[in-house]
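Working notes, structure below.
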Amino acid sequence: GKKNYKYGHELASSVYVITIIVCFFASITYLVLSIYHYYENNILTALICLGYVIIGGLEMLNRLFLPTLYKTSSEFKSLGNQNVTVNIVNFGTVILVYYFSIYGLIIRAVIISLIDFILKFKNKPFKLNTQFSLNHMKILLKTGLPMFVTSQAVQLWLTFINNLIFSIGGAINYGLFGLSNIIQNSIGIIPRSISQMFFPKMTESFGQGL
């Protein structure tokens, strides 16, 4: 809203550095868990953790960072088109679950995560660099920390639900739960598309102090 694009890009680059570091450690953690469970002869758990090396490593980029780079109406239109593509892949890869059960669910999740990342990163509105500023982080934390804590609480709750269902119900029930999530995500395309029409105007009004 204030048209201070250079400063906004600098802030985004600082956050980009932090995001890469967090994603890297998330991937390393899942890789270590995968190796551990493999040597403990828990092959299925090892494969799930191996899949999350990619899924968990890209989660913060896909859900919390890259979408925030899209601000204008044209950029949100691009983001909306990307989401439609991801949802088509989401729906089309259900067949993997039918033929390969839990293994298909893992493969499907990895494919969706990779495509989501490739689309958002390739079409991002501006080039990111790895310049980091501590002053930028102080400003961002002051404004964004409450929102960050709320969004992370939601993600942690969803992760807890997934782990609980898999631990108690096993692979079959977890797979059925995954299918229900697919249906829910498909239904959510319409409200998400509508919200993306309003976000550009809301962010611009916020920047102008309206």
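Tabulated results
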item: Of all residues in region 68-93 being open to solvent by less than 30 Å² (accessible area, probe 1.4 Å) and modelled with pLDDT under 90, the one that is nearest to Phe166 (Cα to Cα); result: Asn90
item: Hey, Tyr36 aromatic (Phe, Trp, Tyr), at pLDDT below 95 and over 17 Å from Leu58 (Cα atoms) or not; result: no
item: Selection status of Leu44, at pLDDT 90 or above and out of contact with any Phe, Trp or Tyr (no Cβ under 6 Å at 6 or more places or on another chain); result: yes
item: Out of Ile28, Ile43, sole residue that is of a type in the set (A, V, I, L, M) and either farther than 22 Å from Ile172 by Cα or crowded, with 17+ Cβ neighbours inside 10 Å (or both); result: Ile28
item: Members of region 94-119 found to be exposed (fewer than 15 other Cβ atoms within 10 Å of the Cβ) and under 18 Å from Ser27 (Cα atoms), listed by number; result: Ile118
item: Check on Ile55, assigned to a helix (DSSP H, G or I) and crowded, with 19+ Cβ neighbours inside 10 Å; result: yes
item: Scope region 120-139; condition open to solvent by 100 Å² or more (accessible area, probe 1.4 Å), among the charged types (D, E, K, R) and not in a helix (DSSP H, G or I); matching residues; result: Lys127
item: Residues located in region 26-84, provided they are in contact with a Ser or Thr (Cβ under 8 Å, 6 or more places away or on another chain) and of a type in the set (Lys, Arg); result: Lys71
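Here is a yes/no grid of residues against (1) touching a residue at least 60 places away in the same chain (Cβ under 8 Å); (2) within 30 Å of Gln131 (Cα to Cα):
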residue: Leu11; (1), (2): yes, yes
residue: Ser14; (1), (2): yes, yes
residue: Val22; (1), (2): no, yes
residue: Leu31; (1), (2): no, yes
residue: Ala46; (1), (2): no, no
residue: Cys49; (1), (2): no, no
residue: Met60; (1), (2): no, yes
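The values are calculated or read from the model by the stated rules, or taken from the named source; none is laboratory data. Values in this document were obtained by computation on a predicted structure and should not be read as measured data. Note that each Cβ is placed from the backbone with ideal geometry, even for glycine, and that neighbours are counted across all protein chains shown. The protein model used for the area step is the full one, side chains on, heavy atoms only, and it has no ligands, DNA or RNA in it. Shrake-Rupley method; radii C 1.70, N 1.55, O 1.52, S 1.80 Å.
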